[in-house]
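Quick notes on the structure that follows.
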Amino acid sequence: MNFETLIDVWQRLLRNSPHSWVLFEHGTCVVLTTPEGEPAEQATALLEEFGPVHAGSPAGDFRVIDLKDAEGWAVTGHHKDVLTYVGPDELDDRSTVTVGLLGRAKRDQDGTELHVVHVEDKRD
């Protein structure tokens, strides 16, 4: 999935949110409910802590959310403000478990690589 598509999806999903957010390369979005300093730096620190998956711990847990404003799903983890987008074209099996495992794997990849592709700074 290209960056423009990911940015468009998250802009649609968060269009009514007053919060700043940062998007990472594989579709993980960190919503900054209390932004401090540089958004990319704050989001990177959060994702570095809450992105990598550790089996058998809360970091391995996930929840799948069916999206209303975009096709696909958001997969959450053990931090409520870290969500990963999974598009319908990314998999054939659209079961909750398959979607969740892919979203968790993408979050892990983003939490390890930490490559920011977009910042929406909504502070005044």
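Below is a table of values for the structure above.
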quantity	calculated
Neighbours by Cβ (under 7 Å, 6+ apart or cross-chain): first from the range 7-33, under 12 Å from residue 84 (Cβ atoms) and free of Cβ contacts under 8 Å to residues at least 60 places away in the same chain; second part of a helix (DSSP H, G or I) and of a type in the set (A, V, I, L, M)	30/43; 30/46; 30/47
Number of the exception - residue 83 against (1) touching a strand residue (DSSP E or B) at 6+ places or on another chain (Cβ under 7 Å); (2) in a helix (DSSP H, G or I); (3) touching a residue at least 40 places away in the same chain (Cβ under 8 Å)	(2)
Some residue of the range 86-103 being in contact with a His (Cβ under 9 Å, 6 or more places away or on another chain), buried (at least 16 other Cβ atoms within 10 Å of the Cβ) and farther than 11 Å from residue 24 by Cβ	no
Residue satisfying condition, being within 19 Å of residue 88 (Cα to Cα), modelled with pLDDT of 95 or more and buried (at least 20 other Cβ atoms within 10 Å of the Cβ), within set 9, 31	9
Qualifying residue in the range 41-54 (condition: crowded, with 17+ Cβ neighbours inside 10 Å, farther than 20 Å from residue 19 by Cβ, among the hydrophobic types (A, V, I, L, M, F, W, C) and in contact with a strand residue (DSSP E or B) (Cβ under 7 Å, 6 or more places away or on another chain))	no
Test: residue 69 is modelled with pLDDT under 95, part of a loop (DSSP other than H, G, I, E, B), under 20 Å from residue 109 (Cβ atoms) and acidic (Asp, Glu)	no
Filtered residue count, the range 6-38, keeping only those that are outside any helix (DSSP H, G or I) and either β-branched (Val, Ile, Thr) or touching a Ser or Thr at 6+ places or on another chain (Cβ under 6 Å) (or both)	10
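The values are calculated or read from the model by the stated rules, or taken from the named source; none is laboratory data. Small disclaimer: the values here were computed from a predicted structure and weren't measured. Cβ atoms come from the backbone with ideal geometry, glycine included; neighbour counts cover every protein chain shown.
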